[in-house]
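Undergrad: Dropping the structure in here first, questions after.
The values are calculated or read from the model by the stated rules, or taken from the named source; none is laboratory data. All of these numbers come straight from a predicted model, not from anything done at the bench. Here Cβ is always computed from backbone atoms with ideal geometry, including for glycine, and neighbour counts include all displayed protein chains. Remember, those area values only see protein heavy atoms, side chains included, never the ligands or the DNA or RNA. Shrake-Rupley method; radii C 1.70, N 1.55, O 1.52, S 1.80 Å.
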Amino acid sequence: MNSRLSVPLTVSTAAAIALGALSGLAQKKGSSPFPTGYRHWTHVKTMAIYGNQHPLFNHFGGLHNVYVNDAGLTSLKEGRAYPDGTVFVFDLFDIQSAQGAIETRGRKLVAVMEKNSKLNASTGGWAWEVFQGDEQKGSLQNAKPCVDCHASQKRVDYVFSTYTP
Ligand code: HEC
């Protein structure tokens, strides 16, 4: 479906490290606040990761929607670097299948990237954050696994998603 997802073999390693990152407790300096109102932003794409043969299954299994705020929309359409103030949201839900339908259950997490190139020079210019379930307090302790995996998209400013008109 998407060749960008058959990213390097290092992906499983990165995903394994991400477990530690996702289960952290303290909020880190340079992290992003909860993206209030994101469900009314531009919906970028949807993807279901439902099989454990997928490298992201352990941590991002389920159905996710990606959103971008107005600040980042033009850059997304043009595939170029994002201005400070851009926020992307990865909104992940658990899924269950019943009688031929796949439906969402509870929210698993909300992952956020917020561009502020000066504050976050060491993490690709982005602040990285994770909100577990319906929590509005960030829990990410270490952004390195996020940055390392997203670095395969450096050419398009660390963003995997592309624009679908
Ligand atoms: C092992 C690789 C990997 C790791 C680790 C990873 N991501 Fe991602 N991330 C992806 C992929 C692949 C997508 C695109 C999903 C899609 O196409 O729907 C993505 C999408 C996103 C998006 C939507 C914008 C975009 O790039 O498309 C956000 C926000 C995001 N991730 C945040 C995070 C945060 C925060 C972390 C660390 C806690 C993280 N990611 C860790 C692979 C990864």
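Undergrad: Would you pick out the residues in the range 80-103 that are within 22 Å of residue 158 (Cβ to Cβ) and away from the ligand (no atom under 12 Å from the Cβ)?
TA: 80, 81, 83, 84, 85
Undergrad: Does the range 129-145 hold any residues that are open to solvent by 20 Å² or more (accessible area, probe 1.4 Å) and in contact with a helix residue (DSSP H, G or I) (Cβ under 7 Å, 6 or more places away or on another chain), and which are they?
TA: 141, 142
Undergrad: Another question about this same structure. Give the residue, chosen from 109, 92, that is closer than 26 Å to residue 51 by Cβ and touching a Gly at 6+ places or on another chain (Cβ under 6 Å).
TA: 92
Undergrad: Something else about it: Is it true that residue 24 is within 10 Å of the ligand (Cβ to nearest atom), surrounded by fewer than 18 Cβ atoms within 10 Å (Cβ to Cβ) and modelled with pLDDT under 95?
TA: Spelling it out, residue 24 is indeed within 10 Å of the ligand (Cβ to nearest atom), surrounded by fewer than 18 Cβ atoms within 10 Å (Cβ to Cβ) and modelled with pLDDT under 95.
Undergrad: Select from the range 83-99 the residues that are on the phi > 0 side of the Ramachandran plot and modelled with pLDDT under 95 and list them in ascending order.
TA: Listed by number, the list holds a single entry, 99.
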